[in-house]
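Visitor: Submitted below is the structure of interest, expressed as structure tokens.
The values are calculated or read from the model by the stated rules, or taken from the named source; none is laboratory data. The structure presented is a predicted model; accordingly, all values stated were derived computationally and were not measured. In this analysis, Cβ positions are derived from the backbone assuming ideal geometry, glycine residues included, and neighbour counts consider all displayed protein chains.
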Amino acid sequence: MPIQINSSLTRLAVSGVILLAVCTQAAQAQTTTDIAPPDERGYSYFLGIAQQAVTYREDSRSQPVKSEARSRSPLLITGALFALAPDTLVSLHSETTFFPGRSTERWTAIGTSLGGVTLTDPLVQSNGFSLSQSTNQLAVHQRVHKDFFATGGFNFHTQSFKRYSFVAGPDNAVTLPAGTTVEESTSELLLNLGVELESESVRSASRHYSLRASVGLPLWRRTMNTEAPDVRFTGAKGYDLEVEGRYSWAVLHSLQVGIWSKYAIARRSAESQSLAGHVYELPSNRSTSTALGVDVLWKY
């Protein structure tokens, strides 16, 4: 049976849309064309109260099956924006899953049979699922006009998930790795390009906002799975799309508190590798994630 849409995920998505709308309105309301003095520009930030909801899907091309898992985990996020020149900024950004949440992954057949077994139920397998991710990004922001910037940089991303507690579907159409835990880990380097609205300053400012849209293109990628530890998948076909925004208000001269939200889509293509006469498949996969949190920004 299909998994129902998580209401918390829906609320996160709605909150993100509201946040992005607020950022856009604030940018349109800006009346000054002055650039803040160099010693006032830039800031650091920390998110200790952030929640991420991820939907992860795989589609196999060797077998007519697909999988879906939904996971929720807290995030730890840190970063900083530095002013190098009147029209040039540099940023560092880091995101890490803190205590990955546990969920259930469900595998369903696309047709009415699998491996010669006629199915009475599309569910062929379920298992426990735990996902963790980390992102470290370096970006340059070049002013185009007023608070509108073009951005470019590199993103080093790692992802690891575990599958465990395997249970066969009603028709016992698959053979399970009973009593084992299967882990898959991916490391990749992406080129990120995008556009951004950025108000640049926190100190002496009554508010701060930023709104960014970007696309990420994999340049290098390595994936390994404990079911085939000698096989390395190196395909780097796919893309990332992200929309991220924050809006904050001053609570002290050099300190602001606000909200942050992000919506992201990641897709990777399927790949096959042969070893010792056996063909191993890395299915195509796609994930969508929505995150929302409370952040603290400061400049001293």
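Visitor: Just one of Asp147, Asp171 is touching a residue at least 60 places away in the same chain (Cβ under 8 Å), over 26 Å from Arg267 (Cβ atoms) and surrounded by 15 or more Cβ atoms within 10 Å (Cβ to Cβ); which is it?
Guide: Exactly one residue qualifies, and that residue is Asp147.
Visitor: Further question: Restricting attention to the range 243-295, which residues are closer than 25 Å to Asn192 by Cβ, of a type in the set (Ser, Thr, Tyr) and free of Cβ contacts under 8 Å to residues at least 60 places away in the same chain?
Guide: Within the range 243-295, Ser248, Ser269 qualify.
Visitor: What number of residues in the range 58-71 are in contact with a Ser or Thr (Cβ under 7 Å, 6 or more places away or on another chain) and over 15 Å from Arg267 (Cβ atoms)?
Guide: Adding up the residues that qualify gives 4.
Visitor: List the residue pairs whose Cβ atoms are under 6 Å apart, where the first residue sits in the range 82-102 and is closer than 23 Å to Gly48 by Cα, the second is among the basic types (Lys, Arg) and part of a strand (DSSP E or B), and the two are 6 or more positions apart or on different chains.
Guide: Filtered contacts from the range 82-102: Gly101/Arg72.
Visitor: If the requirement is being within 30 Å of Ser272 (Cβ to Cβ) and outside any strand (DSSP E or B), which of these qualifies: Asn155, Asn192, Asn172?
Guide: Of the residues listed, the single one that is within 30 Å of Ser272 (Cβ to Cβ) and outside any strand (DSSP E or B) is Asn172.
Visitor: Is it the case that some residue within the range 214-228 is modelled with pLDDT under 95 and either touching a His at 6+ places or on another chain (Cβ under 7 Å) or among the hydrophobic types (A, V, I, L, M, F, W, C) (or both)?
Guide: The answer is yes, given that some residue of the range 214-228 is modelled with pLDDT under 95 and either touching a His at 6+ places or on another chain (Cβ under 7 Å) or among the hydrophobic types (A, V, I, L, M, F, W, C) (or both).
Visitor: Further question on the same structure: Could you count how many residues in the range 252-300 are hydrophobic (A, V, I, L, M, F, W, C) and either over 30 Å from Pro64 (Cα atoms) or outside any strand (DSSP E or B) (or both)?
Guide: Final tally of qualifying residues: 13.
Visitor: For residues that are crowded, with 17+ Cβ neighbours inside 10 Å and of a type outside the set (D, E, K, R), scanning just the range 236-257, find the one that is farthest from the chain's Cα centre (by Cα).
Guide: Ala250
Visitor: Pick out the one residue from Thr104, Thr108, Thr96 that is touching a strand residue (DSSP E or B) at 6+ places or on another chain (Cβ under 8 Å), closer than 30 Å to Tyr300 by Cβ and either modelled with pLDDT under 95 or assigned to a strand (DSSP E or B) (or both).
Guide: That would be Thr96, the only listed residue that is touching a strand residue (DSSP E or B) at 6+ places or on another chain (Cβ under 8 Å), closer than 30 Å to Tyr300 by Cβ and either modelled with pLDDT under 95 or assigned to a strand (DSSP E or B) (or both).
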